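The values are calculated or read from the model by the stated rules, or taken from the named source; none is laboratory data. Everything numeric in this text was worked out from a predicted model, so none of it was measured. We place every Cβ from the backbone using ideal geometry, glycine too, and count neighbours over all the protein chains shown. With ligands, DNA and RNA removed, areas are computed over all heavy atoms of the protein, side chains included. Shrake-Rupley method; radii C 1.70, N 1.55, O 1.52, S 1.80 Å.
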Amino acid sequence: MSSETLEFQAETRQLLQLMVHSIYSNKDIFLRELISNASDALDKLRLESLIDKDLEADTSDLHISLEVSAEDRTLTVRDNGIGMSRDDVVQLIGTIAKSGTAEMLRKMRESKDAAAKQELIGQFGVGFYSTFMVADKVTLVTRRAGEKGGTRWESAGEGTYEIEPVDDAPQGTSVTLHLKPEDPDDQLHDYAADRKIREIVKHYSDFIAWPIRLGDAETPLNSMKALWARPRSEVSDEEYHEFYKHVSHDWTDPLETIHMKAEGTFEYEALLFIPSRAPFDLFMREGKRGVQLYVKRVFIMDDCEALTPQYLRFVKGVVDAHDLSLNISREILQQDRQIQVVRRRLVKKVLSTLTEMRESKEKYLGFWSEFGRALKEGLIDDADNRDALLDLLLLPSTASGELTSLRDYVSRMKEDQKDIYYMTGESRAMVEHSPHMEAFLAKGYEVLILTDPVDEVWVERITEFDGKQLQSIAKGQVDLGATETPAEQQEEFAPLLQWLGEKLQDDVKDVRLSSRLTTSAACIVGDEHDITPTLEKMYRAMGQELPRTKRILELNPTHPLVTGLRSAFSAAPDDEGLVETAELLYGVALLAEGGELADPARFTRLVADRLARSL
C-alpha cells in the first residue's frame, strides 16, 4: 500500500483544534501522557508474552527512551512495547471512540471561562492529542509485536493525517514531536533541552515501572519504585497525585487517597483514589470502570470490574495481588473467592473513607455533587453495605435549600411524626408545587424531595431508616395526626364518589375523600405498592411496555369546586354536563402532578367551551 491522506473524524478534528490553540497553562503534561502511553504498551507486551509463548517479540530489554535534538527542535518518545497495527492507528488516533464526545466538545466551545475549559479537557482525558499543544507536526512510527510490517502516521493537527506502510519499523512505537518555538508568555518551554526533560520526568513519571532513558545513557531518569509498595510515610502527596493522573488520565488532583496493605493468607496492596471531578462518561454504558490489577508488580488488566461494584466505578487506582495466576481471565476473576474477599474489603474501606470525609462538610458536598447519583445505585445493588450507604446520603428537602442527611432529618422530626416523608418527581419545582404537599407544609412536616431517576428505584427497596418508615406522600393513606373524615361527611359525599368512580372507571380504580389537600380540589395518589408514574415513564423509555396502572382520585371535601359538584349532582344526577366536569376534575389533578392526558385535544376543547360559557 502507498501513502494515503485520510480525514480525522469530525470530533477528533475539533479536539485537535482545541489542543493546537489550547488555553491549558501546564503544557508540560504532554510528556507525562506520552510516557504513560508507552508504559501501558510495555505492560501489555509483557502480559501478552506470558500468555502467548509463540509470540515473536523481543522482551529482553523493555524500556522507554527519550531523544532530543536541539538543532532540529524535535523530541522523540520511543518504546519497544506491544506496538500497533495499521487498523489500530486509524482507530486509536484517527477516531475518538467515546460516546458523548460531541457533547463534551460543544460545552468546551461554548465555555467562555478558561478554567472551565481546562476542567473539561481534564475530564475527557485527551492523552496523545495533548502533543499538539507543543508541536507543529507529529510523526508516529509503529510495528505491532509479532507482525512483519509497520506503519508511519503524520499530521499537523489540522483536518487530515497521512498514513503509509514501512518495512523497517522496529517493534513498538516512536512519537516524534516537531516542536513549536519557545514562548515563555504562553507557558511553552524549551522541550528540546535535556534539563527540561529531566525535570518533567522526575516530577511526573518517577514511579513508572519501566526504565526511562535519555539519549544513550543507561542510567534511567526515574526511580521505578512502585508507589503502592512503599510505606505511606515515604510517599508525598504530590507523588500520589501524579500517580493518580497516570492511572486515570485525569488532569486534576484527586479528592482523597486510600493506601491499603493486607497480609496473611492472601496478600495484596491497594492504592485507590477518589477523584475530584466526575469523568464525562460516568453515566454512559460504554464508560470504563474498575481499577488496574497487578500480580507481583506485573500488569494484568485495566478496568478490573471484579474488584469494585458498579456504583463505585469512579474509584481509580491499583490492586497488586501476590497469589494470583499471571494469566487469569476476567471470567475467572468474577468467580475467584480471594478476589471476592478483596472486593468486600475495598468497598468497606472506600465507604469508611467517605464517612470520615463527611467531617469536612465542604469537601463532602463537593464529592456528593459529582458522585452522589452513582453512589445511590449501591442502595439497589449492595444489600451488605446498605446501612453505610444510607448514612452517606445527602438529599434535598423542604426544610431549606441545603441538602440533608437522613440522620439530620430524623433529628428534626416533630414529636407526633412517625414516618420519614418523601416525594419523587421529575424536578424540585414540580414536587414543591404538587397538591400532595399541601397538608404536610400546612402542618410543618419536612418532606424529602427526590428527583434523580435512581431515587424512583431505591425507595421501592428500602422501607425504613433508624426504625422510622420511609413513606411516600403520594401513595397510600397518610396519617397526619388528624381525626378521620367525619362519618356525616362521608355519608354526604358517598353518592358522588360512587358516581365518579363509575364515570372515571377507565382511568381510576377508586375515588375517595382526601386528608392531604388544603387548597387544591383534587389529587391522584397510588396504592402503597403501585409503581410511580415517573418510573413507569422510565421503563417505557427503555422499551419495556407495562400494563397501565390505575390510581386513586382523592377529593378535597372543603373545596368550592368539590362541594359545588356534590350539590349539582344531588340536584340533577343525570345532567350530561356533570360528566364533562368529572373529566375536567380528573384532568386538572393529573396535570398538577406532571402527568400526561390521554386525549389532550378533548381536554382543551372542554376547557375552552367552559370558558366561553362563563363570559
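General remarks:
- Computed over neighbours whose Cβ is under 13 Å from that of Trp210, the net charge equals +1, Lys and Arg +1, Asp and Glu -1.
- GluC sites (Glu not before Pro) restricted to segment 157-230 and DSSP loop, no more than 11 other C-beta within 10 Å: Glu218
- Net charge over other residues, Cβ less than 9 angstrom from the Cβ of Glu446 (K, R count +1; D, E count -1): +2
- For the pair segment 293-341 / segment 187-220, the C-alpha centres are spaced 31 Å from each other.
- For segment 488-615, a crude dipole built from +1 on the beta carbon of Lys and Arg and -1 on the beta carbon of Asp and Glu, taken about the Cα centre, is about 380 debye to the nearest 20.
- The apolar share of the surface of the chain, taken as the fraction of accessible area on carbon and sulfur atoms (1.4 Å probe, ligands and nucleic acids excluded), comes to 47 percent.
- Mean-position separation - Cα centroids, segment 527-586 and segment 132-172, in angstrom: 67
- The chain: DSSP helices with Cα axial extent of at least 18 Å and average Kyte-Doolittle hydropathy no lower than -0.5: 29-51, 337-357, 576-592, 600-614
- Per residue, in Å², the accessible surface of the chain once ligands and nucleic acids are set aside, probe 1.4 Å: 47
- A simple charge model with +1 on the Cβ of Lys and Arg, -1 on the Cβ of Asp and Glu and nothing else charged puts the dipole of the chain at about 480 debye relative to its Cα centre.
- Rounded if a/c under 1.5, otherwise prolate or oblate - segment 19-59, Cα gyration tensor axes: prolate
- Ranked packing of 165-173, 238-246, 306-314, most packed first, by mean Cβ within 10 Å: 306-314, 238-246, 165-173
- Residue ranges 75-86, 226-237 sort as 75-86, 226-237 when ordered by packing (mean number of other C-beta atoms within 10 Å per residue, highest first).
- Residues whose placed amide H lies under 5 Å from that of Leu513, excluding near-sequence neighbours: Leu555
- For Lys363, a cut-off of 16 angstrom between C-alpha atoms picks up these aspartates and glutamates, skipping any fewer than 8 places away in its own chain: Asp253, Glu256, Glu402.
- Rounded to the nearest 10 Å², the accessible area of Arg540 at probe 1.4 Å: 90
- Among [x] 36.3; [y] 26.3; [z] 33.6, the entry derived from the coordinates for mean projected area of the Cα convex hull in nm²: [x]
- Segment 355-420: C-alpha gyration tensor shape, a/c 1.5 cut-off, then a/b vs b/c: oblate
- DSSP beta bridge pairing in the chain, given as percent antiparallel to the nearest 5: 75
- Exposure of Ser360 as accessible area (Å², to 10), given a probe of 1.4 Å and all protein chains: 50
- In segment 237-310, the alpha-carbon atoms span a convex hull of 109 Å³ per residue.
- Qualifying lysines (Cα of each under 17 Å from Cα of Lys414; at least 8 residues distant if same chain): Lys443, Lys468
- Leading residue at positive end of dipole, the chain (Cβ point charges), from Tyr240, Ile197, Leu615: Tyr240
- For the chain, calculated [θ]222 nm from helices alone, where every DSSP H run of n ≥ 4 adds -39500 (n - 2.57): -11500 deg cm²/dmol
- Taking a straight Cα-Cα cut-off under 26 Å and skipping sequence neighbours fewer than 8 places away in the same chain, the lysines within cross-link reach of Lys44 are Lys53, Lys98, Lys148, Lys202, Lys225, Lys245, Lys261, Lys288, Lys296, Lys316.
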